[in-house]
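Inspection log for the structure reproduced underneath, given as structure tokens.
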Protein chains: 2
Amino acid sequence: MGSAMFESAELGHTIDKERYEAEEPALREALLNAQYDLLEKKGFPVIILISGVDGAGKGETVNLLHEWMDPRHIETHALDAPSQEETDRPAFYRFWRALPPKGKIGIFFTSWYTEPILSRVHRQTSNADLDQRMEQIRLFERMLASEGALILKFWFHLSKRQQKDRLEKLEAKARTRWRVTDQDWRHFKLYDRFRRISERSLRETSTAEAPWIVVEGADARYRSLAVGRAILGAVRGRLDEPVEKPTESHTAPFLPPVDNVNVLRRLDLAQSMDKETYEQALDKHQGELSRLTRNPRFRDISVIAVFEGSDAAGKGGAIRRVTGALDARQYHIFPIAAPTEEERAQPYLWRFWRHLPRRGKLAIFDRSWYGRVLVERVEGFASESAFMRAYAEINDFEEQLVRHRIVVVKFWLQISEEEQLKRFKEREQTSFKRFKITADDWRNREKWAAYELAVCDMVDRTSTEIAPWTLVEANDKHFARIKVLRTLSERIESALR
Amino acid sequence: MGSAMFESAELGHTIDKERYEAEEPALREALLNAQYDLLEKKGFPVIILISGVDGAGKGETVNLLHEWMDPRHIETHALDAPSQEETDRPAFYRFWRALPPKGKIGIFFTSWYTEPILSRVHRQTSNADLDQRMEQIRLFERMLASEGALILKFWFHLSKRQQKDRLEKLEAKARTRWRVTDQDWRHFKLYDRFRRISERSLRETSTAEAPWIVVEGADARYRSLAVGRAILGAVRGRLDEPVEKPTESHTAPFLPPVDNVNVLRRLDLAQSMDKETYEQALDKHQGELSRLTRNPRFRDISVIAVFEGSDAAGKGGAIRRVTGALDARQYHIFPIAAPTEEERAQPYLWRFWRHLPRRGKLAIFDRSWYGRVLVERVEGFASESAFMRAYAEINDFEEQLVRHRIVVVKFWLQISEEEQLKRFKEREQTSFKRFKITADDWRNREKWAAYELAVCDMVDRTSTEIAPWTLVEANDKHFARIKVLRTLSERIESALR
């Protein structure tokens, strides 16, 4: 049974009392100071996973970490069965909710590994399922690491012999006999299987940015010092890294525009619809949408509609034609502006995860996570490496949504430069405050070409089969609104089939 | 059946089409502009309740408001049955979660009135229960209003005759027959009872700060204009109020200190405990606390422990002795510092509601909602009227917690001025960063007398039978920690009985 992953954790590591007592105070002080530096700098979150076999000291270690450091700035999560609010959303929702903000330490006692491994051990899922979930985890952890999180994954190990000894010892004493339940012995019978599956999972998820650290769990002093030092080394190392802007050594391998053709310029913006046709079509398509969202089967799905577009492209008007067909109790609209303080202390997708709709509901995003590859790219708020990886992160995010039966419909509303100018000028005349034109709007206009490039890249890289972009020719508002309504209905209808 | 409350809403109000069409566009524009001014100033939240009898146009009105205004800045809540995450907390938790921040409009389709009224109609509760819940609602709304919320409570009314006509008309047409269910007729049979109980509830909760507005619901044009104008008038009125600091015309009727005696000075700070006694007592009381929190009955309650005290009084050390007895998976510690942006846009208790523990868990607050009547009072961050009303608001908050089987234990750790000075000086020598002394700490010392007064008032006004303060003599850390542990265990033990 000599699996490489666990071999070093079966060597019988021990630390004697004297040495432990000599080393513990200094370790403790250093950890506490590191924690306070972390808190002060608020530079990154620390995510610690405590996993492994039963009886290998997981609980004791977590309690010890709370004792060593300041427990006021540690958030420990032992998640029980997911609540209804959680099962209504994709599986990772509960972990997103629990992520520590920058400067804090989050300990996950139950982590994203727990359920995938256990359900495979109990044969509720296949190896292929397991692999797929490990792949998802890799993407999740890579995203966390790219966003700056320090991830420490501990696996507490006991050999089969050690496990058996432990249970027998506990049973031998009257005082501890109660701690051994039938379930413990049932688990023990699954030891080999659990070990095999764990090893496979660990191997697949031991990455450069988030490697597993396997700790022999039999000796309390050994495992305590080992874990304490690993945490100290990692946190201190990161804190002491010279702060410098990430070097943008490479230029992203974009295809440079060599001719005048792109997906946006291909659009026939002259398409229009006369008022009478529009009003009939509006009635028809709003009725259709209303009917679909009242369908009893709609209660099993949810919808996310994303609206992006140039300034003054008519996003607001299109959204109102959509909501005009819906019951106000069914939807929420999220206008996306600058992130709040709490949101800035988290990975950029965090603010969108928190707004995911429950079953039977619609979430409408007026601007969205695509800000990362649009305004943040063009304005230089996101580094090239940040927006380059965003494409894959976003695709992964949307895949999780779609897999959870959320219909993701994405609209890009496109107008011509001339049409925008006309609308800006019109708006300057209007008394409706919501149409006010700001200096920002005029400034953005000057970056028309940069935005165009960003939009084309975005469409190329994130228009997936499961969550395609719909480009809407929006010079004519009638035409645009009907296209939006029709597309939305079609997408919902096919999801209800 | 001529009950005064509803009489004016049975007069057969109607608006003809011509008049409606003449007035609607201007109303709409004015509403939209008011909404944008509100959003820009972020001065206060608008809370709109839409309640009343079935079929009186509640849903239609909400949809219309979404159409008239910008739905992106309206949050409408139609709360279904509470989720487990919600039932784990006091009944008002779900409404606190849904409160709109300053600048936004929140529409409650299901409100804090829905369940109390319906459960009384269905005879699941008594009149006394209903009255008690209306009293709670009054306190809640008064708090919201004091915090600046604009509260508009609409009750849509139909007379019994109108209700019957409506159902018969719907049934007569093939196209609408499906809309009338058996449940509608069952509800209709309860009409008189529902009316009586609603009237009682409305009467008891029609206050100066949040009066009910009863709207006759039969004519769609009438009710639309009536509601639209009421909202416009209220929002515009509040927006256009001259902005001035609330005049502090009255001095709060405090008992001025006329001698040298108060609850703090009465404490015998000389009490101490030698190291050996302490270590034995620590073992004993931590063991006790550990045993109690592992008791199966503990899963039915929760615990909130509040730690307040002078700077350097030893709150952190006391908390660590408490958590040392607990499983890290069972508790969360919330160190309370300055509120975040999102928290500042809400009533001050909002940030504490969001951290309420679930069943079987402990929440430990290192500083708490009492900041309102301590630091905010002394530093002048809260106006006199704000901190004066806070006492009652806090008592009400804690009453809700206790009634929900949350054990609320509050500690004030008191040291003498001399002891504080000694500790400050010691801390300046230490290498532990968490003990750093800041300029703030020295500044607070100069306000010793003001803090003392604030603490005495706080204890006088918020030490209730259900959530008493425990004053802890903390010049000796050993003595203080044991007193904290013992008190906490006693309180939990009596809750488990």
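The values are calculated or read from the model by the stated rules, or taken from the named source; none is laboratory data. Since the model is a prediction, treat every value here as computed from it, not as a measurement. We place every Cβ from the backbone using ideal geometry, glycine too, and count neighbours over all the protein chains shown.
The number of residues in segment B:90-124 that are out of contact with any Phe, Trp or Tyr (no Cβ under 8 Å at 6 or more places or on another chain), on the phi < 0 side of the Ramachandran plot and basic (Lys, Arg) comes to 3. Scanning segment A:343-360 for residues that are in contact (Cβ under 8 Å) with a residue 12 or more places away in the chain and not in a loop (DSSP other than H, G, I, E, B) returns A:Trp350, A:Arg351, A:Phe352, A:Trp353. Is it the case that some residue within segment B:284-302 is part of a strand (DSSP E or B) and under 30 Å from B:Val455 (Cβ atoms)? For segment B:284-302, residues part of a strand (DSSP E or B) and under 30 Å from B:Val455 (Cβ atoms): present. Is there a residue in segment A:3-18 that is surrounded by 18 or more Cβ atoms within 10 Å (Cβ to Cβ), more than 14 Å from every other protein chain (Cβ to nearest Cβ) and assigned to a strand (DSSP E or B)? Checking segment A:3-18: not a single residue is surrounded by 18 or more Cβ atoms within 10 Å (Cβ to Cβ), more than 14 Å from every other protein chain (Cβ to nearest Cβ) and assigned to a strand (DSSP E or B).
In this structure, does A:Glu490 turn out to be out of contact with any Phe, Trp or Tyr (no Cβ under 6 Å at 6 or more places or on another chain), at pLDDT below 95 and of a type outside the set (A, V, I, L, M, F, W, C)? Break it down stepwise before answering.
Numbers: out of contact with any Phe, Trp or Tyr (no Cβ under 6 Å at 6 or more places or on another chain): yes; at pLDDT below 95: no; of a type outside the set (A, V, I, L, M, F, W, C): yes.
The answer is no for A:Glu490.
The condition (being closer than 25 Å to A:Lys275 by Cα, part of a helix (DSSP H, G or I) and within 14 Å of another protein chain (Cβ to nearest Cβ)) is satisfied by just one residue among A:Arg486, A:Arg427: A:Arg427.
So which residues in segment A:62-100 are in contact with an Asp or Glu (Cβ under 6 Å, 6 or more places away or on another chain) and assigned to a helix (DSSP H, G or I)? So that I can check it myself, show each step before the final result.
Going through segment A:62-100, the residues in contact with an Asp or Glu (Cβ under 6 Å, 6 or more places away or on another chain) turn out to be A:72, A:83, A:85, A:93-94, A:100.
Within segment A:62-100, A:Arg72, A:Glu85, A:Tyr93, A:Arg94 qualify.
In segment A:30-54, how many are over 29 Å from the mean Cα position of the chain (by Cα) and either buried (at least 23 other Cβ atoms within 10 Å of the Cβ) or facing chain B (nearest Cβ under 10 Å) (or both)? Number satisfying all stated conditions: 2. There is no residue in segment B:116-132 that is more than 20 Å from B:Glu199 (Cα to Cα), touching a residue at least 40 places away in the same chain (Cβ under 8 Å) and either away from chain A (no Cβ under 13 Å) or in a loop (DSSP other than H, G, I, E, B) (or both).
Would you check which residues across segment A:369-421 are among the aromatic types (Phe, Trp, Tyr) and either outside any loop (DSSP other than H, G, I, E, B) or touching a residue at least 60 places away in the same chain (Cβ under 8 Å) (or both) and list them?
Initially, segment A:369-421 is screened for residues among the aromatic types (Phe, Trp, Tyr), giving A:369-370, A:381, A:387, A:391, A:397, A:411-412.
Of everything in segment A:369-421, those that are among the aromatic types (Phe, Trp, Tyr) and either outside any loop (DSSP other than H, G, I, E, B) or touching a residue at least 60 places away in the same chain (Cβ under 8 Å) (or both) turn out to be A:Trp369, A:Tyr370, A:Phe387, A:Tyr391, A:Phe397, A:Phe411, A:Trp412.
In this structure, A:Ala318 does satisfy being within 14 Å of another protein chain (Cβ to nearest Cβ), modelled with pLDDT of 95 or more and in contact with a helix residue (DSSP H, G or I) (Cβ under 9 Å, 6 or more places away or on another chain). Taking segment A:55-72, which residues are more than 7 Å from chain B (Cβ to nearest Cβ) and touching a strand residue (DSSP E or B) at 6+ places or on another chain (Cβ under 8 Å)? Scanning segment A:55-72 gives A:Ala56, A:Gly57, A:Lys58, A:Thr61, A:Leu65, A:Met69. Suppose the filter is touching a helix residue (DSSP H, G or I) at 6+ places or on another chain (Cβ under 9 Å), within 14 Å of chain B (Cβ to nearest Cβ) and β-branched (Val, Ile, Thr); does A:Ile394 pass it? For A:Ile394, the condition - touching a helix residue (DSSP H, G or I) at 6+ places or on another chain (Cβ under 9 Å), within 14 Å of chain B (Cβ to nearest Cβ) and β-branched (Val, Ile, Thr) - is not met.
Go through segment B:133-155 and count every residue that is touching a strand residue (DSSP E or B) at 6+ places or on another chain (Cβ under 8 Å), of a type outside the set (A, V, I, L, M) and not in a helix (DSSP H, G or I).
Taking segment B:133-155 as the starting set, the residues that turn out to be touching a strand residue (DSSP E or B) at 6+ places or on another chain (Cβ under 8 Å) are B:141, B:144-145, B:149-155.
Then drop every residue that is not of a type outside the set (A, V, I, L, M), which leaves B:141, B:153-155.
If we keep only those that are not in a helix (DSSP H, G or I) as well, we get B:153-155.
Total meeting the criteria: 3.
Out of curiosity, is B:Asp327 assigned by TED's automatic domain parsing to the domain that holds B:Ser489, of a type in the set (D, E, K, R) and in contact (Cβ under 8 Å) with a residue 40 or more places away in the chain? No; evaluated as a whole, the condition is false for this residue. Scanning segment B:73-115 for residues that are of a type in the set (Phe, Trp, Tyr) and within 13 Å of chain A (Cβ to nearest Cβ) turns up B:Tyr93, B:Phe108, B:Phe109.
For segment A:270-280, a residue qualifies if it is of a type outside the set (S, T, N, Q) and either surrounded by fewer than 18 Cβ atoms within 10 Å (Cβ to Cβ) or under 37 Å from the mean Cα position of the chain (by Cα) (or both), and the qualifying residues are A:Ala270, A:Asp274, A:Lys275, A:Glu276, A:Tyr278, A:Glu279. Do the conditions hold for B:Arg443, that is, is it surrounded by fewer than 19 Cβ atoms within 10 Å (Cβ to Cβ), more than 14 Å from chain A (Cβ to nearest Cβ) and not in a strand (DSSP E or B)? So B:Arg443 fits the description; yes.
Go through segment B:19-29 and report how many residues are within 12 Å of chain A (Cβ to nearest Cβ) and without any contact (Cβ under 8 Å) to a residue 40 or more places away in the chain.
Of the residues in segment B:19-29, 3 are within 12 Å of chain A (Cβ to nearest Cβ) and without any contact (Cβ under 8 Å) to a residue 40 or more places away in the chain.
Among the residues of segment A:326-340, is there at least one that is assigned to a loop (DSSP other than H, G, I, E, B), within 14 Å of chain B (Cβ to nearest Cβ) and of a type in the set (Asp, Glu)? It would help to see each step written out before you state the result.
Taking segment A:326-340 and keeping what is assigned to a loop (DSSP other than H, G, I, E, B), we get A:326-330, A:336-340.
With within 14 Å of chain B (Cβ to nearest Cβ) added as a condition, the list becomes A:326-330, A:336-340.
Filter once more, keeping what is of a type in the set (Asp, Glu): A:327.
Looking for residues that are assigned to a loop (DSSP other than H, G, I, E, B), within 14 Å of chain B (Cβ to nearest Cβ) and of a type in the set (Asp, Glu), one finds at least one in segment A:326-340, hence yes.
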